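In what follows, a structure is listed as structure tokens, so that the remarks can point back to it.
No value in this document is a laboratory result; all are computed from the given coordinates. Worth saying up front: this structure is predicted, and the values here are computed from it rather than measured. Backbone-built Cβ (ideal geometry, glycine too); neighbour counts: all protein chains shown.
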Amino acid sequence: MSTAGALDAQPSRLPGPPRLRLVAPLAPDRVSRGVFAVIVVFVLALGLLSILLVNTMVAQGAFTVSALRAEQSQLDERAQVLHEAISAAAAPAALRAQARRLGMVQGTDPAFIRVTDARVLGTPSVAKGGRSVKAAGQRNSG
Amino acid sequence: MDLQAVQGPELATAALDQRLRTVTIQAERGSILDASGQPLALTIEARNLTTDQRLITDAADVAQQLAPILGIDAYTLGKRLKGTRAFAYVAKDLSVQTWRRVEALRIPGLFSEKTSIRVYPGGDLAANVIGYVGAQGQGLGGIEYAFDDVLAGRAGSDTYEGNPGGRLIPTTARSLVQAEPGSSVRLTIDRDLQFMAQRAIAGQMAKSGSDSGTVIVVDPRTGDILALATAPTFDANNVVATPAALLGNRALSDVYEPGSTSKAATLAAVIDQGAASPSSWFRVPPEVKRGPNSFHDHDGGGKVSLTLAGVMARSSNGGTIMAAERIGARSLYGYLRKFGYGEKTGLGFPGESAGRLPDIRQWNTATLPTVAFGQGVSVNAVQMAMVYATLANDGLRVRPRLVDAVVDPQGRTRVLDPEPATRVVRASTARQIRQMLEMVVSDAGTAPMARIPGYRIAGKTGTAQYVDPSCGCYNGGVIASFIGMAPADQPGLVVAVTLVNPRHGRYGGELAAPVFKKVMRYALQARHVAPTGTPSPHLTLTAAGT
């Protein structure tokens with residue numbers, strides 16, 4: 001029994017495993033949870049905002065594209081109108097009328113000067129109907 | 001729950017249908033250009049003015065405001081604006097500028113619809129060549145019709161999910177098929193020359209009181225048709241108001257008996273066969289009897305001695321018959337076929353007629369003498385011009401060309417190759433015929449009015465009996481024509497003129513030759529064809545030596 005008692009007493013004297021004790025949780029942990037929540041909310045908000053922003057930009061882009069398309073088609077229209085005006089003004093009938101107004105007359109029998117031997121080919125003649133030239137000249141001198 | 005799970009897919013489809021829009025993208029029609037690339041026909045954007053009548057509060061007032069801009073009277077406009085329809089047309093094919101002016105009025109209930117219109121800057125310039133388009137922009141006549149598949153392009157489509165305003169909803173699916181614009185067609189027509197030719201023939205038609213007239217200008221070396229003028233013509237910008245009879249191209253669709261201009265082909269055959277030369281003599285009686293037929297020739301009793309050149313210069317029917325008999329019917333028929341009689345020109349122009357050369361098996365005793373001087377056969381004006389182009393081109397027949405190239409939207413040009421040339425008569429034959437034709441414009445010939453000082457001109461008059469289409473008979477009317485070339489020794493241009501049924505004047509030499517001169521004179525200058533400076537030969541024509 002003594003042995004048993006000794007045995008019993010012995011362990012108390014022997015160095016046993018360190019006694020476990022409850023330790024209070026670290027104070028900063030409690031703080032970081034609050035921060036974490038804030039961060040999560042912040043990130044969430046940021047994400048939402050950027051999605052909103054991206055969406056807005058896409059929508060804005062659609063509007064810009066639409067506006068630019070409209071502008072492009074207006075410019076195309078304008079170019080077409082101008083092309084048509086040029087074609088109409090350059091049509092032979094219009095050119096002829098303009099030329100007559102400037103006092104120009106149509107040539108008669110064509111004649112050419114051959115550069116190599118300075119020979120006149122054809123029978124040169126004076127173009128007739130130059131009345132309007134004189135009229136223009138008088139206006140200029142007067 | 002019911003909405004989500006049970007009706008879900010169905011509703012989603014319905015919603016998609018509501019959002020899904022398909023817009024047709026019209027393909028821009030290609031232009032028709034002249035030889036130098038100037039537009040003769042082009043497509044521009046336009047607007048249709050539409051209305052939602054329910055939004056118009058005071059139709060009369062709106063009509064008053066629109067009338068001066070649209071050029072439509074207020075009463076007519078009022079009727080189009082008043083009512084309860086959600087969609088109605090107020091005016092169609094407005095220019096974009098006109099629509100902008102309407103838009104500036106900011107009248108609720110007025111809308112525009114995009115469309116396009118075909119514009120012809122030259123008005124009636126080459127109208128009978130270009131043709132015209134229908135209300136949907138499809139080609140219905142001329143080049144517009146013949147080259148419709150090239151010009152039209154292919155329409156595209158845009159399918160997308162849109163908001164009620166029609167705008168694309170971002171990030172949704174879209175299927176866009178771009179329209180393929182049509183290619184442009186470049187003609188061989190020189191628009192300045194075309195203009196001059198149209199003016200000249202319209203003027204002479206009016207002056208001579210003719211039913212119609214044509215002028216054709218050809219480059220004989222390439223076959224390029226530089227001008228194809230017909231009178232009367234029409235304003236291509238106002239086809240709706242044009243009688244259908246004016247819309248075609250008479251120079252290709254109308255056939256006529258060529259008469260004396262055809263003698264050049266007959267006598268070319270005679271010379272080419274070695275049966276006669278320009279100086280061979282013929283004793284021509286006033287009347288040539290063949291079987292039951294007799295062919296009246298010249299006035300005055302007794303026989304006249306003419307050389308073959310004289311037969312041509314005097315346009316002797318009897319002499320031509322006697323010369324043609326030296327080679328016989330089969331040979332003459334063969335040459336005429338080679339010259340292109342009775343065969344389409346190959347231009348592929350809608351409504352072209354091939355004319356008529358009776359089959360050799362149908363020839364009787366009267367056929368050879370008749371055909372020899374150009375009656376009993378029929379041709380269109382381009383065919384006849386090409387006979388002279390062949391003689392101008394030293395006997396080598398090139399096919400006429402009216403379309404030079406197709407230009408795709410990227411600007412790549414595909415030139416349409418000419419068909420290979422075929423030999424009709426020897427070069428020496430063609431040269432001799434041209435010398436004989438020079439005598440026609442001499443004082444002793446039938447067309448001194450065709451002369452152009454400084455140039456050697458070769459040509460032939462024709463005053464053919466006109467077959468009245470209403471009775472299919474000769475009724476005293478004629479077709480006056482002149483076909484000629486310059487310079488005669490190196491022809492650079494061929495000009496053919498016809499006038500149908502003139503009332504003032506009758507002969508090709510007096511009516512058609514002056515038109516030839518006017519057009520040829522301009523064409524020589526415009527295309528820089530200088531005189532060759534060589535002297536014309538003098539051929540003996542009659543026994544008196546004139």
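In a DSSP loop and with at most 16 other Cβ atoms within 10 Å, the trypsin sites (Lys or Arg not before Pro) in region B:300-338 are B:Lys303, B:Arg326.
Simple rule: put +1 on each Lys or Arg Cβ and -1 on each Asp or Glu Cβ in region A:33-105, find the dipole, and look at A:Ala85, A:Ala45, A:Gly61; the Cα lying farthest toward the positive end is A:Ala85.
Take each residue of peptide B:123-135, count the partner chain Cβ atoms within 10 Å of its Cβ, and average: the result is 1.
Give the distance, in whole Å, between the Cα centre of region B:195-226 and the Cα centre of region B:302-367. Comparing the Cα centres of region B:195-226 and region B:302-367, I get a distance of 24 Å. Partner shielding of A:115-123 amounts to 3, given as the average count of beta-carbon atoms from other chains within 10 Å of each residue beta-carbon. For peptide A:85-91, the mean count of partner chain Cβ atoms within 10 Å of a residue's Cβ comes to 5.
Please identify which residues in region B:456-484 have an amide N closer than 11 Å to a label point set 7 Å out from the Cα of B:Ala366, following the Cα→Cβ vector. Residues passing the 11 Å test: none.
Given +1 at the Cβ of Lys and Arg, -1 at the Cβ of Asp and Glu and no other charges, the dipole of region B:84-152 around its Cα centre is 500 debye to the nearest 20. Since only B:Gln4, B:Ile72, B:Tyr89 are under comparison, the one whose Cα sits farthest along the positive direction of the charge dipole of chain B, derived from C-beta charges on Lys, Arg, Asp and Glu, is B:Ile72. Remark: relative contact order (region B:30-119) = 44 percent; criterion is Cα-Cα distance under 8 angstrom and separation of 6 or more residues.
With contacts taken as Cα pairs under 8 Å and at least 6 residues apart, region B:191-526 reaches a relative contact order of 23 percent.
Partners of B:Lys92 within straight-line reach, counting aspartates and glutamates whose Cα lies under 13 Å from its Cα and excluding those fewer than 8 residues away in the same chain: B:Glu45, B:Glu113. Ranked by the mean number of other Cβ atoms within 10 Å per residue, highest first, peptides A:64-72, A:91-99 order as A:91-99, A:64-72. Region B:1-72 and region B:496-537 have Cα centres separated by 53 Å. Pairs to check: B:Lys79/B:Lys114; B:Lys207/B:Lys303; B:Lys338/B:Lys460; B:Lys263/B:Lys303. Give those whose C-alpha atoms are more than 29 Å from each other in this structure. Those over the limit are B:Lys207/B:Lys303. Over the C-alpha trace of chain B, radius of gyration and Dmax come out as 30.5, 118 angstrom. Between helix B:59-70 and chain B there is an angle of about 40 degrees, using the helix long axis and the longest principal axis of the Cα atoms. Among the trypsin sites (Lys or Arg not before Pro) found in region B:462-542, those both in a DSSP coil and sparsely packed, with 16 or fewer other Cβ atoms within 10 Å of their Cβ, are B:Arg503, B:Arg506, B:Arg527.
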